[in-house]
Amino acid sequence: MTITFTRRALAVGSVLAATALAVSACSSTETPQNSSDTIVVSTFPFGVDQMTEAIFDPFTKATGIKVKVDTGSNADRLSRLQLEGDKSGIDVMMISDTFAALGDKDGLFQKVDAAKIPELANIAEFAKDDSYTGPAYSYQLNGVLFNKDKVSAKEAASWDLFSDASLKGRLALPNYAVTSGPLTVAGVAQTFGKGATDVDTAFTKMHAWSPNILQFYSSTTEFTNLLTQGEIYAGVALNGFATPLVKSDDQFAWTAPEKGRYMATNRAMIPTGATNVDGANKFINFLLSQATQQSSAEIVGDLPVNLSAKLPQDLSAVVGDIAKDPSAHGYKTISPADFLPNRNEWTERFNREVIGQ
């Protein structure tokens, strides 16, 4: 079975350049063409080989429907969908919840037909959030990744860690623009303020922490390099960042905060202009099945929303029992209704009031 990959980007405000990526000895910047026996799946630019093994190839084997994979960043793919509309050729977009919500706001996605996706009955309630037109297929927990030789698990679980003057210049926090950023602000607001949207309290608190923060990071590599090189001892991060570190060196660990627990989801969305909606429904149903969810957890490293899936040792070593039911362990998602109207303003305020830019 041949899977074709293309990666494209278009100008939105400024010129965004991308090189077309082709596997199978060919490349194309043209819109992928699909038919009743083919679907185009748009996904993240990383881990595609693993997703092919865990999801795409098994789907084709089970259904006979071929998969063409289109990759790019959340922002680039959503911008392209907005510009190209029905001509995008995308049948399913696997995308983070923030961008899924932005697309829903602009009418770029259609509501999935629950009658065509029976596996919806077998996934966690938070994955079926009616705020989105498509279900979550995986999620990430916000917490603290730390060096066990420098910080105890009890210290790491408390937000007060970031006010500890003895750790001045040895801590890191995410910039608001990265996935963990809004989750962190919501967690601080929930813990010290009137609720997740009390950003006034959160920004004031985090500004007071800023002398202890070596870096408000903007990329995973930036954060993990600081930690592994010993420049920082701890920082807020999604659990997925911790998995390879904990596996390779038991000096590092990840813990959930005692209070203010928030998680992000990745969602499977069907564009309004999808040409193979039947194939898209079959793909999402397959994606949510216990077998696929377990395979994805084992090969890709995704936390499964199908709670019947067994967690592999690499993941359970990081998150423990939380993945059995994150909601029961106090984890919440951020409501798009609370987040979207204020997204740009809060980003600007974070840079100005917390970082001082």
Residues that are at pLDDT 95 or above and in contact with a Leu (Cβ under 9 Å, 6 or more places away or on another chain): list the helices (runs of 4 or more DSSP H) wholly contained in the stretch 294-357 that include at least 2 such residues.
313-319
Sort through 245, 227, 288 and tell me the only one that's hydrophobic (A, V, I, L, M, F, W, C) and in contact with a Pro (Cβ under 9 Å, 6 or more places away or on another chain).
288
Residue list for the stretch 257-276, filter: of a type outside the set (Gly, Ala, Ser) and surrounded by fewer than 19 Cβ atoms within 10 Å (Cβ to Cβ):
258, 259, 272
Mind checking which strands (runs of 3 or more DSSP E) fall wholly inside the stretch 1-98 and carry at least 2 residues that are modelled with pLDDT under 95 and surrounded by 15 or more Cβ atoms within 10 Å (Cβ to Cβ)?
4-7
Yes/no for residue 78 being in contact with a helix residue (DSSP H, G or I) (Cβ under 6 Å, 6 or more places away or on another chain) and among the hydrophobic types (A, V, I, L, M, F, W, C):
yes
Verdict on residue 183 being assigned to a helix (DSSP H, G or I) and modelled with pLDDT of 95 or more
yes
Among the residues in the stretch 115-126, are any among the β-branched types (Val, Ile, Thr), out of contact with any Asp or Glu (no Cβ under 9 Å at 6 or more places or on another chain) and over 22 Å from residue 276 (Cβ atoms)?
yes
The correct count of residues that are under 23 Å from residue 255 (Cβ atoms), of a type in the set (Gly, Ala, Ser) and surrounded by 21 or more Cβ atoms within 10 Å (Cβ to Cβ) in the stretch 291-308 is 1
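For (1) in the same structural domain as residue 123 (by TED's automatic domain parsing); (2) among the β-branched types (Val, Ile, Thr); (3) more than 29 Å from residue 186 (Cα to Cα), each residue gets a yes or a no:
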| site | (1), (2), (3) |
| --- | --- |
| 271 | yes, no, yes |
| 275 | yes, yes, yes |
| 283 | yes, no, yes |
| 302 | yes, no, no |
Residue list for the stretch 198-221, filter: in a loop (DSSP other than H, G, I, E, B) and buried (at least 20 other Cβ atoms within 10 Å of the Cβ)
none
Among the listed residues 330, 356, identify the single one that is touching a Lys or Arg at 6+ places or on another chain (Cβ under 8 Å) and closer than 29 Å to residue 203 by Cα.
330
May I ask you to list the residues in the stretch 160-180 that are in contact (Cβ under 8 Å) with a residue 24 or more places away in the chain and surrounded by fewer than 22 Cβ atoms within 10 Å (Cβ to Cβ)?
163, 164, 165, 167, 168, 169, 170, 175, 177, 178, 179
In this structure, is residue 240 of a type in the set (Gly, Ala, Ser) and either in a strand (DSSP E or B) or at pLDDT 95 or above (or both)?
no
Could you go through the stretch 144-158 and let me know if any residue there is at pLDDT below 95, in the same structural domain as residue 226 (by TED's automatic domain parsing) and surrounded by fewer than 17 Cβ atoms within 10 Å (Cβ to Cβ).
no
If the requirement is being of a type in the set (Gly, Ala, Ser) and free of Cβ contacts under 8 Å to residues at least 12 places away in the same chain, which of these qualifies: 296, 316?
316
Can you report the number of residues in the stretch 158-217 which are touching a strand residue (DSSP E or B) at 6+ places or on another chain (Cβ under 8 Å) and at positive phi?
1
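The values are calculated or read from the model by the stated rules, or taken from the named source; none is laboratory data. Since the structure is predicted, the reported quantities are computational estimates derived from the model, not experimental observations. Note that we place each Cβ from the backbone using ideal geometry, even for glycine, and neighbour counts take in every protein chain shown.
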